[in-house]
Structure formats: structure tokens, C-alpha cells
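The values are calculated or read from the model by the stated rules, or taken from the named source; none is laboratory data. What you see is a predicted model, and the numbers here were worked out from it, not measured in a lab. So basically every Cβ, Gly included, is an ideal-geometry build from the backbone, and we count neighbours across all protein chains shown. Just so you know, the surface numbers come from the protein's heavy atoms only, side chains and all, with ligands and any DNA or RNA stripped out. Shrake-Rupley method; radii C 1.70, N 1.55, O 1.52, S 1.80 Å.
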Amino acid sequence: LHQQFIQILLVPSKGHVASKETNTDKNNNKKSSRPYNYNVASTIHHLHFPTLQQINKNMATRVAFENSNEIGVFAALTNGYCLTGINRSENFYSVFESELAAHIPVIHATIAGCRFVGRTTVGNRRGLLVPNTATDQELAHLRNSLPDSVVVQRVEERLSALGNIVACNDHVALVHPDVDRETEDVISDVLGVEVFRQIVGGQALVGSYCKFSNTGGMVHPRTTVEDIEELSSLLQVPLVAGTVNRGSDVLGGGLIVNDWSSFVGLDTTSTEISVIENIFRLSGAGGASGGGQMQGGQGQQSNIVTNMRSSLIDQLS
């Protein structure tokens, strides 16, 4: 596409000769040799470029929180809302606002006066769970800012980093094997999901080492093929083993995702982004829905990358 665009710009506009032309100055009748007279403005005017919204829609966006690539620590994303920690500048918040504000609310928040809202909260489109360290003022702010359909509930759980011990979508939740029975019941009631005690890749912190939406998911790179198949059957979504932020296995820290968009740390490689967009069915991956030949080609390339990556992971594990 870029090569075609360059070729178009290099075509002289109609009425001009495609060689150095000799122009006559009206004042002194002197002839001067001038370079090609390209009518670039009229050429661009007739091109049909996608808008920024069309370009960014359903694509993985790189972002950093100050100097940290662990964006999942400082932000939480669901199909109904997005929470971001308070930053010294508005750069972090503005990235989410530009991508999501037209669809869901993007809210500044703190938990116990701290900015790491992504690791201390967990939720989906039906509800939001916060730890018992959250103040009444913070709880009231969240309830006033979120849609009325979202239930905000404080949880009395000794493992207070809820984002590390719970991974969920709108239908299923995986939880740390040691969570209290009362917490399990609250998760089921508030979020409206089936709850399963599970470990991922030998790690009990399921919220840190796996990430899934209603369309797909990623798990710890050392998860065996048998465990991936078992988890995929349990969650009823396709899963793949992968990394973010140039090889980091802490998926919950470097990736946040919902059904139509995702955000990754600034160090995430293009190969990792291809795997993410394919497994979460973003950016027309797979060419399944009205994407045309271009999106179908991108989906085919993503499938190839995923298959190659899966083979490498199987050999290393």
C-alpha cells in the first residue's frame, strides 16, 4: 500500500510534462529550468484513506505508563468500562480515551490511594470487585462514574490483589486455589460467571499468567498442550501460549483486552502483536468478517505466525 502511494505521488499531474520543463518568467522573459511540477495536493485529495478511527479500531495499541511497560498493573479493561490509574501527565489516560471513549466510559481511579488499579480490581461488564482496602470515597467515585448496570462490590479477601488471583470474562472465571469460599460466591454472584479453581502453567496466580476475553485467550508460555486443551474446553474459547513485552510471561501485567480492542506494553514486538490480534480476533484476523482480501491476507499471515510460534513453544516446553 505504501509503495502504491509513493508511485501515485510520483506521477505528474495532468497537463504537466514528465521531464524538466522550461518555464518563462513573465517579468524578465528569462528561461529557468525547474524540477517537475507535481500537483501533490490534488493527488492526495482524490485518494481514499481510512480515518484514524478505522485504522485504530480492533488493533493492538502500544502504550506505556510513565516508564513502565506493565500497563496491566495500572489499567483494567472490560466490555463495559475502563479504569486507569492517576498519572503525572494525561498521556496514558488520553490513549484509552481516544480509543474507547466513544463506546465505554474511561475512568480515573485509585484503590487505597494507590495507582495500580489493574492488579487490585477485577471485573466484567456486569460488575467490579475491589479489595477491602478501598476507601468509602473511592467506592462512591466508582459507583457514580460507572454505568448503572455495573455492580461495584467490596470483597473481604486476605489475598487482596484481586487482579492477580482472578481471571475472567463475561461467562467464566478462573481463581487462585486458595481463595476463600465466600470470595468465590461473591465472584459468582456479582460478575455472573461460573467459577473454577485452577492453576496455569504451574502458576497459582491465574490473573497474572493468563488473559482471556469472550473470543480468545493467552496463557503462560510453558503451559503444556494438554493443559491448554483442558483450559480451552473449560473456557469455551480458543487459547494459545504466548508472551508480551519482548518475552515476558506476565501476561496480566503487559496486556489488557476486551472483545474489540487491546493494549500492550511499549516493548511488545510485532510478532507478539500478531499473535495477540489473531487469537483475540482483532483487526479482521482470519478474514472471517467482511474484511476483504487485505484483512484475509493479514489473518492468514497471523495464522502462520501463530502456528510457527506454537511449534517453537512445544519444542522448548
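Can you give me the ranges of the helices (runs of 4 or more DSSP H) entirely in region 22-102 with at least 1 residues that are open to solvent by 40 Å² or more (accessible area, probe 1.4 Å) and at pLDDT 50 or above?
Numbers: elements: 40-45, 52-56, 71-74, 91-100.
Answer list for region 22-102: 91-100.
Can you give me the number of residues within region 234-256 that are in contact (Cβ under 8 Å) with a residue 40 or more places away in the chain and under 14 Å from the mean Cα position of the chain (by Cα)?
Of the residues in that region, 7 qualify.
How about region 115-130: which of its residues are out of contact with any strand residue (DSSP E or B) (no Cβ under 8 Å at 6 or more places or on another chain) and without any contact (Cβ under 8 Å) to a residue 60 or more places away in the chain?
Selection gives R125 alone.
Counting only residues that are in contact with a helix residue (DSSP H, G or I) (Cβ under 9 Å, 6 or more places away or on another chain) and open to solvent by 50 Å² or more (accessible area, probe 1.4 Å), give me the strands (runs of 3 or more DSSP E) lying completely in region 161-264 with at least 2 of them. Spell out the reasoning first.
Working: elements: 166-168, 172-175, 194-197, 210-212, 217-219, 239-241, 255-257.
Per the criteria, 194-197.
Looking only at residues in region 117-134 that are of a type in the set (V, I, T) and surrounded by 23 or more Cβ atoms within 10 Å (Cβ to Cβ), which one is nearest to I86 (Cα to Cα)?
Restricting to residues being of a type in the set (V, I, T) and surrounded by 23 or more Cβ atoms within 10 Å (Cβ to Cβ), the top hit is V117.
For region 266-276, state whether one or more residues are in a loop (DSSP other than H, G, I, E, B), more than 21 Å from L100 (Cβ to Cβ), touching a helix residue (DSSP H, G or I) at 6+ places or on another chain (Cβ under 6 Å) and without any contact (Cβ under 8 Å) to a residue 40 or more places away in the chain. Let's see the steps before the verdict.
Restricting attention to region 266-276, the residues satisfying the condition of being in a loop (DSSP other than H, G, I, E, B) are 266-269.
When the remaining residues are screened for being more than 21 Å from L100 (Cβ to Cβ), the result is 267, 269.
From what's left, touching a helix residue (DSSP H, G or I) at 6+ places or on another chain (Cβ under 6 Å): none.
There is no residue in region 266-276 that is in a loop (DSSP other than H, G, I, E, B), more than 21 Å from L100 (Cβ to Cβ), touching a helix residue (DSSP H, G or I) at 6+ places or on another chain (Cβ under 6 Å) and without any contact (Cβ under 8 Å) to a residue 40 or more places away in the chain.
With in a strand (DSSP E or B) and either open to solvent by 30 Å² or more (accessible area, probe 1.4 Å) or free of Cβ contacts under 8 Å to residues at least 24 places away in the same chain (or both) as the only criterion, which of Q137, Q153 stands out?
Values: Q137 fails: in a strand (DSSP E or B).
Unique residue meeting the criteria: Q153.
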